[in-house]
Structure formats: C-alpha cells, structure tokens
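Q: Sharing a structure with you now.
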Amino acid sequence: MSRFEGMTALVTGATGGFGRRLCERLSQAGANLVLSDVKDGPLKELAQSLPGKTATLAGDISDERLSKDLVALAKKSFGGLDIAINNAGVAQTFVKLPQVPSAEARRIFEIDLLGVFFAMKYQIPLMERQFRDDRRPGAIVNIASVAGRAGAPKLSVYSAAKHGVIGLTKSAAAEYATKGIRVNAVCPSFARTAMALAFLSRAPEGVEAATNDLTRGVPMKRLAEVDEVVEVILFAADPANSFMTGQELGVDGGITAL
Ligand SMILES: NC(=O)c1ccc[n+]([C@@H]2O[C@H](COP(=O)([O-])OP(=O)(O)OC[C@H]3O[C@@H](n4cnc5c(N)ncnc54)[C@H](O)[C@@H]3O)[C@@H](O)[C@H]2O)c1
C-alpha cells in the first residue's frame, strides 16, 4: 500500500515551490488532495496534472473564511481531513527593521502568522472530532523557517512571524497531544524556489552579494533543493511518525548546529 493511501491532505500555497512538489509526492503516494493558493488558474492546472483525486479552492489565506471553507471542502469532497500542510507564505524586502514599510509588515504578519492561525483554528476541531469518533489521527505541519528559530538580519518581520508560527505549533501540539493531533513545524533555510529567487532579485546589493550573504553562515555552503525540504515535510506528516509532536524540524544545511 502507498504511504498516504486513502488519506486526505490539505496543502496551502499549493502552486509555489514547496507546495507543487508536495502535492505531486502526496498524490503519487495515494492521498486525496485539497489544494489552495491565490490564483484559480494555476491551481486547476496543477490539480489536473496530478494522478489522484483533488478539490481546489482559490483565495487569500489572510482571509479567515478561506480556512473555514477549505476544511468544509475536505469534509464534503473526501469525508474528512488527515493531513494539513500550512505552507502559504510571503517573504519581505531584504532591509533593516526601520526600512520595512509598516504596511508591508502588517501584510506579512497577516499572511505568514495569522494565515497559519486561521488554518489551524478550523483544522483542529475537525481532526479532534475524527479522533474522538473514529480514532482517526491528524497531522498538521506548519512551514516556518530557520528565521523562526533565531534572529535574521534584514528579515526582522518575516523572522518575527515565523517565530510566531513555531509558538502556535508548540502550543497547539501540547493542547492536542492526547486528542490524536500531532502538530510540527518545518524550518528550512533558503531553498531554490520562486520565493527565494524573487527575494534575491529584489536585494538592493544585487543577486550575487545577497546569495553570498545568505549562504555564508550555512555549513553546507549552498541553498537547499526543494526535494530536500519536501522530504522532511512528508516525514512530519506521515502517521507512522506517531510519537513526534511540537517539534521545530531544521532543514538548514547545519546552520542551527553552530
Ligand atoms: N524558499 C525558501 O527559501 C524558504 C525558506 C524557509 C521557509 N520558507 C517558507 O516555505 C513556504 C513556501 O514557500 P516557497 O519557497 O515554496 O515560496 P513560493 O513563493 O514558491 O510559494 C508560496 C506560495 O504561497 C502563496 N501565497 C502567498 N501569499 C498568499 C496568500 N495571501 N494567500 C494564499 N496563498 C498565498 C503563493 O501564491 C505561492 O504559491 C512559505 O511559508 C515560506 O515562508 C521558504
């Protein structure tokens, strides 16, 4: 039997770098997918390219109703929800704290932090009921960042939002540890996705200097590849991994070993 056969997984930020590959891997491994991202067109295209069953709903993750509707869609389309991967997110302009426009800071908190809060607020009650009624376990994986585990110069607001995601993760993990729901955070360093590439191209000091800046402190001296991060997200989501909860899993080429 495939690793995620018959399970239902919800993925936000589905058409992005990590999201797209995650959807492919989950679908190939037998999961039904509920996919969400901002734009409907790319979402439908992605859904059609996947081998398994899918349902899609486009929207803005900072709008609480989207999270409510996504959980309802999972229930209506596939009868429940086993795995939720809260992956949608945005980066910030690479500047020191006083230079971050306040409107941008607000938007980053709304998407990167409140977006994860809204998602969990609706995912948890359904998973709790499923465990109470059918002993069906749930797994939530929040995509944080290495910038959520320590300060990140020129990424202060993003770093604060991702620290917040880890706080939500650990708190919910403790609250639901006996209710069949595991909650973990995955904390990648810079990986080769559109987010990282867009972020680098916006850096005032130029792409090369910014790339050197980013990888200088990485013991492996390179960016992460998408598959290296996706592998860890799948590990956290896998029900076979049944005793791990409340963890911040580093996928950072050794940064946090120092
Ligand atoms: N790429 C990296 O280097 C890196 C490192 C650490 C953490 N992360 C985190 O990984 C996650 C995925 O990022 P990625 O690298 O795949 O980036 P990406 O830009 O390729 O994908 C992010 C996806 O989130 C979606 N999104 C953005 N704002 C949204 C909103 N308001 N509502 C709904 N969806 C929205 C985007 O449309 C996009 O498809 C993010 O949470 C990011 O913070 C990325």
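Q: What residue, of R192, R182, is within 30 Å of D134 (Cα to Cα), of a type outside the set (D, E) and touching a residue at least 24 places away in the same chain (Cβ under 8 Å)?
A: Result: R182 is the single residue among R192, R182 that is within 30 Å of D134 (Cα to Cα), of a type outside the set (D, E) and touching a residue at least 24 places away in the same chain (Cβ under 8 Å).
Q: Let me confirm something: among D40, D60, which residue is closer than 13 Å to A88 by Cα, within 14 Å of the ligand (Cβ to nearest atom) and at pLDDT 95 or above?
A: Testing whether each residue is closer than 13 Å to A88 by Cα, within 14 Å of the ligand (Cβ to nearest atom) and at pLDDT 95 or above leaves just D60.
Q: Moving to a separate point now. Is it fair to say V116 is within 24 Å of L43 (Cβ to Cβ), within 14 Å of the ligand (Cβ to nearest atom) and in contact (Cβ under 8 Å) with a residue 40 or more places away in the chain?
A: Considered against the rule, which asks whether it is within 24 Å of L43 (Cβ to Cβ), within 14 Å of the ligand (Cβ to nearest atom) and in contact (Cβ under 8 Å) with a residue 40 or more places away in the chain, V116 comes out as yes.
Q: So which residues in the stretch 139-194 are within 16 Å of the ligand (Cβ to nearest atom) and among the charged types (D, E, K, R), if there are any at all?
A: R149, K154, K162, R192
Q: One residue is enough: does the stretch 89-100 have a residue meeting the conditions more than 22 Å from A29 (Cα to Cα), within 16 Å of the ligand (Cβ to nearest atom), modelled with pLDDT of 95 or more and surrounded by 23 or more Cβ atoms within 10 Å (Cβ to Cβ)?
A: Yes, the conditions are met somewhere in the stretch 89-100.
Q: Looking at the stretch 27-121, what helices (runs of 4 or more DSSP H) fall wholly within it and have at least 2 residues that are within 19 Å of V141 (Cα to Cα)? Full working, then the answer.
A: Values: elements: 40-49, 64-78, 102-108.
Answer list for the stretch 27-121: 64-78.
Q: Filter the stretch 43-57 down to residues that are within 16 Å of the ligand (Cβ to nearest atom) and surrounded by fewer than 14 Cβ atoms within 10 Å (Cβ to Cβ) and give me whichever is nearest to S27 (Cα to Cα).
A: Only one residue tops the list, namely S49.
Q: Now a separate question. So K221 ticks every box in (1) touching a residue at least 60 places away in the same chain (Cβ under 8 Å); (2) more than 9 Å from the ligand (Cβ to nearest atom) but one. Which box is left unticked?
A: (1)
Q: Next up: From the list A209, A203, A174, which residue is out of contact with any Phe, Trp or Tyr (no Cβ under 9 Å at 6 or more places or on another chain) and in contact (Cβ under 8 Å) with a residue 24 or more places away in the chain?
A: On inspection, the qualifying residue turns out to be A174.
Q: Further question: Against the conditions (1) over 20 Å from R182 (Cα atoms); (2) hydrophobic (A, V, I, L, M, F, W, C); (3) surrounded by 16 or more Cβ atoms within 10 Å (Cβ to Cβ), where does A150 fall short? Just the number, please.
A: Result: A150 fails condition (3) only.
The values are calculated or read from the model by the stated rules, or taken from the named source; none is laboratory data. Since this is a predicted model, take the numbers as computed values, not measurements. Here Cβ is always computed from backbone atoms with ideal geometry, including for glycine, and neighbour counts include all displayed protein chains.
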